[in-house]
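Here is the structure we will look at.
The values are calculated or read from the model by the stated rules, or taken from the named source; none is laboratory data. Here the structure is a predicted model, which means the values were calculated and not measured. No Cβ is skipped: glycine too gets one built from the backbone with ideal geometry, and neighbour counts run over all protein chains shown.
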Amino acid sequence: MKLNNISTYALNSSLRNITLAKQHDLAEAQTEVATGKKADLGLSLGAFSSSVVSIENQIKFINQITVTNSFAENRMSAMQSSITSMVQSANNLMGQVTAELQGSLNPELLETIGKSTLGDLTAAINTTFRGEHIFSGVNTDSSALVDYEGASGTAAKAAVQNAFLTNFGFTPDDPAAQTVTPAAMKSFIDGPYADLFNDANWQSLWSGSSDRGIRSKISTNELVENPTTAHAQAFRDTVAASVLMAEFSDRNLNPSAIDEIANTALEEMGAGVALLGAEQSKIGVIEQRVSVANERMEFQQNILSTQLAELTEVDPYEAALRLNQIVISLEASYTATARIQSLSLLNFI
């Protein structure tokens, strides 16, 4: 019969290995209790570890789109507010002009109304959000509308004045302007003056905006384009009506011609207000789509988060129980080690 050698060294080595393993288990258990997640995903999940990476990437992508959607929502909200301001300015002009048409026209007052409205429209159309001109489409660094009375509006102002001079052969300040009939003025407004606001002239004289809006990815598979820029007819009509009154009201034109200017400006501004309402509706449709996309992505994110939790999270009660068991086992190992280390043959001699 053969007996294996037994020594305190062998016992100590065995317990030391057990203790080291338990200490490693303790560190993992403490991490799981503190974080609520598995300490070593690769060891726990094996081949399924790639699923965790994939789900996390999808969640990050959805979060990024949600952030950009908030920017888009704020931009469109600023656009809605600006258009509302334009409508109010236009309505004020129409109310004042209508009141003037019911009595004797005051050319100086009409000019003041036109300039005031044009200034309000310019400020609203040139609204910026995060340093970008919101009505300039993709040309975000360009002003959506020139300042007609400022340096940027020099070319537009000269074009308006030259159009009158070319059409009639004299300036509005010339005494001969008294001979302009309402029919002649109407023909000028509908012809040479209206041409100043066609596509080519609008882009070269009045606006730095594009005819295409900013595109935004509002969900994982949906792309939308902002439907409103200063290139829209609504902005042209309101600006044309304001400039018409600001430029030609307080001149040497006879009262009947000025009356034609006021009536035409009133008609154009009314048409512009109706079109501004249509632009607001277009923006509202996009706002609704963004809102629905956000709700859909929130639902997707909740599903992905649930899947991720199932793969990575631990049961807190089970983790706490495991930690307690490891602590008890480790304490027992420490106690056994201490007792073995206290053994000595000298105690038996």
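Within the range 63-71, not a single residue is among the small types (Gly, Ala, Ser) and crowded, with 16+ Cβ neighbours inside 10 Å. If you go through the range 310-329 and pick out every residue that is in a helix (DSSP H, G or I), within 41 Å of the chain's Cα centre (by Cα) and either loosely packed, with under 12 Cβ neighbours inside 10 Å or modelled with pLDDT of 75 or more (or both), you end up with 2. Scanning the range 180-209 for residues that are more than 25 Å from Gly150 (Cα to Cα), touching a residue at least 60 places away in the same chain (Cβ under 8 Å) and hydroxyl-bearing (Ser, Thr, Tyr) yields one hit, Thr181. Looking only at the range 138-159, decide whether some residue is on the phi > 0 side of the Ramachandran plot and over 31 Å from the mean Cα position of the chain (by Cα). Looking for residues that are on the phi > 0 side of the Ramachandran plot and over 31 Å from the mean Cα position of the chain (by Cα), one finds none in the range 138-159, hence no.
The rows are residues; the columns are (1) of a type outside the set (A, V, I, L, M); (2) outside any helix (DSSP H, G or I).
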position	(1), (2)
Leu110	no, no
Ser116	yes, no
Ser136	yes, yes
Ala144	no, yes
Asp147	yes, yes
Ser152	yes, no
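Return a yes/no flag: does the range 229-239 have any residue that is surrounded by fewer than 16 Cβ atoms within 10 Å (Cβ to Cβ) and under 22 Å from the mean Cα position of the chain (by Cα). No, the range 229-239 contains no residue that is surrounded by fewer than 16 Cβ atoms within 10 Å (Cβ to Cβ) and under 22 Å from the mean Cα position of the chain (by Cα).
Considering the conditions (1) part of a loop (DSSP other than H, G, I, E, B); (2) out of contact with any helix residue (DSSP H, G or I) (no Cβ under 6 Å at 6 or more places or on another chain); (3) over 24 Å from Thr84 (Cα atoms), Thr171 is excluded by exactly one of them, (2).
Would you check if there is a residue in the range 49-62 being outside any helix (DSSP H, G or I), of a type in the set (A, V, I, L, M, F, W, C) and touching a residue at least 12 places away in the same chain (Cβ under 8 Å)? Checking the range 49-62: not a single residue is outside any helix (DSSP H, G or I), of a type in the set (A, V, I, L, M, F, W, C) and touching a residue at least 12 places away in the same chain (Cβ under 8 Å).
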